[in-house]
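The values are calculated or read from the model by the stated rules, or taken from the named source; none is laboratory data. A quick note: this is a predicted structure, and the numbers were derived from the prediction, not measured. Positions of Cβ are backbone-derived with ideal geometry, glycine not excepted, and every protein chain shown enters the neighbour counts. Calculation scope for accessible area: heavy atoms of the full protein, side chains included, ligands and nucleic acids excluded. Shrake-Rupley method; radii C 1.70, N 1.55, O 1.52, S 1.80 Å.
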Amino acid sequence: VQLVESGGGLVQAGGSLRLSCAASGRTISMYSMGWFRQSPGKEREFVAAMGWNGGVTLYADSVKGRFTISRDNAKNTMYLQMNSLKPEDTAVYYCASGRYRRNPEGVQSGYDYWGQGTQVTVSS
């Protein structure tokens, strides 16, 4: 299984970015999927997740109402639309693939495969 993130970059506060996570070796529509992030000197933290059937989503309180997780089954790709970005959103963002036919989980132990990460920097 390989997960490849893209779409990170430098953006001003209040701006938007869309991250992509292209998967191979696994059909993401059959697995829970999630996004996590890690800032320098901090633990990796949960951002958003989607259940295997796409009907259930989960968000960290810090991003609720600003970020939206979605996926395109035909492209086997997951997305994270990030709006109203804040400097505190600056981090390396990782996508992760979880368990077969499971609801979304907000803990790292719920995920088996991880991407290499993409840097998001929000300037004030």
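Computed over protein heavy atoms with a 1.4 Å probe, the carbon and sulfur contribution to the accessible area of the chain reaches 45%. Listed by chain and number, the lysines whose C-alpha is less than 20 Å from the C-alpha of Lys64, apart from same-chain residues fewer than 8 away, are Lys86. Would you kindly state the longest site-free stretch of the chain, with sites defined as trypsin sites (Lys or Arg not before Pro) in a DSSP loop (not H, G, I, E, B) surrounded by at most 12 other Cβ atoms within 10 Å? Counting only loop sites that pass the neighbour cut-off, the longest clear stretch is 1-41. On a C-alpha basis, how far is the centre of the range 1-75 from the centre of the range 92-124 in Å? Whole number, if you could? Distance between centres, Cα-based: 6 Å.
You can think of it this way: the chain between Lys75 and Thr121 has 13.9 nm of extra reach, that is 0.36 nm per residue less the Cα-Cα gap. The mean accessible area for residues of the range 1-114, using a 1.4 Å probe and ignoring ligands and nucleic acids, is 49 Å² per residue.
Here the extension length gained between Val4 and Gln38 equals 10.6 nm, from 0.36 nm per residue of separation less the Cα-Cα distance.
Comparing Gly41, Gly65, Gly106 in a Gaussian network model of the chain (Cα springs below 10 Å), the most mobile by mean-square fluctuation is Gly41.
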